[in-house]
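In what follows, a structure is listed as structure tokens, so that the remarks can point back to it.
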Amino acid sequence: MNRFTFQNPTKILFGKGRIADLGDQIPADAKVMILYGGGSAERTGVLGQVRDALAGRTVVEFGGIEPNPRFATALKAVDLVAEKGITFLLAVGGGSVIDATKFVAAAAKFDGDAWDILKSHGSVVTQAMPFGSVLTLPATASEMNSGSVITHAEKGAKLPFMSPYTYPVFSVLDPEVTYTLPKRQIANGVADAFVHVIEQYLTYPTGARVQDGFAETLLRTLIELGPEALEKPEDYDIRANLMWTATLALNGLIGAGVPQDWASHMIGHEITALNDTDHARTLAVVLPSLLNDQRGPKREKLLQYGKNVWNIDEGTDDERIDKTIAATRGFFEDLGIKTRLRDYNVDAAGINHIVTALEEHGMTALGEHRAITPNDARRILEAAL
Ligand code: NZQ
Ligand code: ZN
């Protein structure tokens, strides 16, 4: 196991009716800004619950944060924070709203060009405003991590940043608010959480038994929960399990002390920057192709994953790896997620664009060995056409 420092300061309020407990988590004299997305939070009544919980407080609302949140939109919120003297931010939504809120929290305290926050992947951030979240979509674990991904449409860039200052102070996870999610978003959430686990697990062995065992349990749980969550949208136990599994998939615990990959994510972000394909769908395209391409460096973990997650333990190593990758692709397809670039209108010219963008964004040494170059990414994408 590698050396690590682990600290996760986010308090979780989990279960039915927990939005009502919001008020206790925010200082009484705070000037609060509620940030939300394109209207689902209003339609589903979640915003109403939040307003009730904050009755009598000074509250300003900022709506209109897009899926794959935009830099320009977040900067408008930063201006409003200054204008209204806001002291606490509250994100109400999915990963996009929480990510935008993290960016606002950092940018509002940053002297200089906010683009530098993204360009430096967060290393220039030295402080941020306090913020909490009310999660409405189990997927990203943004509710319990310090990462954020922001799209700069004009620059054609979708870039991640992280900072120890951008953990939510608290997050409310009420599984009942997920009942209104369209099937497409549930499928996306299951696939995204699945690939988060894979990015931290499917690298090379380091003898980290608890991290491996925990990761395998999360993967098996997602394989069970995915179809169940699609079939029974109002089953509390299924939604509760899904919500907590997605949070645990990327709250830092299974990633402590182990090598991490993230190449599928970085390549996938460029597909979204190109044509706005849903984040999870880009992963379902890149991952199976990347696993096939990287079967050499990932051999031992691929065999372990096949055996412990998919019960594949017969045949030669390569046969077992073939079956394991096919099972992974089949899992995404069964969720209703297509796994080929052509399904998302990306052709050879699109691949050229993605490869150039990876170079421009400094994504030139990806994967757990920092050995995946843009040329390797091209081969992986061509095999995914
Ligand atoms: O915008 P509204 O109207 O709110 O609708 C949203 C949006 O259209 C809707 N929705 C959310 N909760 C709902 C609901 N509809 C009905 N009922 C509800 N309860 O769902 C749509 C998608 O929302 P979004 O927040 O975009 O989805 P998700 O949570 O999957 O977040 C995706 C973003 O997170 C980033 C992705 O790149 C992408 O930009 N990621 C963030 C990570 C992190 N911070 O750690 C890690 C991930 O790997 C990922 O990159
Ligand atoms: Zn993801």
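The values are calculated or read from the model by the stated rules, or taken from the named source; none is laboratory data. Everything numeric here is computed off the predicted structure, so don't read it as measured data. Every residue, glycine among them, receives a Cβ derived from its backbone with ideal geometry; neighbour counts consider all protein chains shown.
Table: residues versus (1) buried (at least 19 other Cβ atoms within 10 Å of the Cβ); (2) away from ligand 1 (no atom under 16 Å from the Cβ); (3) farther than 19 Å from residue 135 by Cα.
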residue	(1), (2), (3)
27	no, yes, yes
43	no, no, no
52	no, yes, no
72	no, no, yes
Checklist outcome for this item: Scanning segment 185-219 residue by residue, those charged (D, E, K, R) and in contact (Cβ under 8 Å) with a residue 12 or more places away in the chain turn out to be 192, 199, 212, 216
Item to check | Subset of segment 247-273 (residues that are touching a Gly at 6+ places or on another chain (Cβ under 6 Å) and not in a loop (DSSP other than H, G, I, E, B)) | outcome: 263, 273
Item to check | Answer from 93, 17, 38 - the residue that is buried (at least 18 other Cβ atoms within 10 Å of the Cβ) and within 26 Å of the chain's Cα centre (by Cα) | outcome: 93
Checklist outcome for this item: Restricting attention to segment 192-208, the residues that are of a type outside the set (Ser, Thr, Tyr) and assigned to a helix (DSSP H, G or I) number exactly 9
Checklist outcome for this item: Sole miss for residue 280 among (1) within 24 Å of residue 6 (Cα to Cα); (2) under 12 Å from the mean Cα position of the chain (by Cα) is condition (1)
Checklist entry - Considering 168, 175, 160, 182, which residue is under 21 Å from residue 259 (Cβ atoms) and within 11 Å of ligand 1 (Cβ to nearest atom)? => result 160
Next on the checklist: Going through 221, 282 one at a time, which residue ends up being β-branched (Val, Ile, Thr) and within 13 Å of ligand 2 (Cβ to nearest atom)?
Outcome noted: 282
Checklist outcome for this item: Of those in segment 168-191 that are assigned to a loop (DSSP other than H, G, I, E, B) and not acidic (Asp, Glu), the residue surrounded by the most Cβ atoms within 10 Å (Cβ to Cβ) is 168
Checklist entry - under 18 Å from residue 357 (Cβ atoms), out of contact with any Lys or Arg (no Cβ under 6 Å at 6 or more places or on another chain) and either more than 16 Å from ligand 1 (Cβ to nearest atom) or modelled with pLDDT of 95 or more (or both) - does that describe any residue in segment 251-263? => result yes
Item to check | Sole residue being out of contact with any Phe, Trp or Tyr (no Cβ under 7 Å at 6 or more places or on another chain), assigned to a helix (DSSP H, G or I), small (Gly, Ala, Ser) and surrounded by fewer than 21 Cβ atoms within 10 Å (Cβ to Cβ), chosen from 315, 306, 330, 296 | outcome: 330
Checklist outcome for this item: Taking segment 109-121 and keeping only residues that are buried (at least 24 other Cβ atoms within 10 Å of the Cβ) and not β-branched (Val, Ile, Thr), one is left with 118
Next on the checklist: Tell me the residue from 222, 159 that is outside any loop (DSSP other than H, G, I, E, B), surrounded by 22 or more Cβ atoms within 10 Å (Cβ to Cβ) and free of Cβ contacts under 8 Å to residues at least 40 places away in the same chain, please.
Outcome noted: 222
Item to check | Pair list, Cβ < 7 Å and 6+ apart or interchain, from segment 88-115 residues that are closer than 18 Å to residue 164 by Cα to residues that are among the acidic types (Asp, Glu) | outcome: 98/143
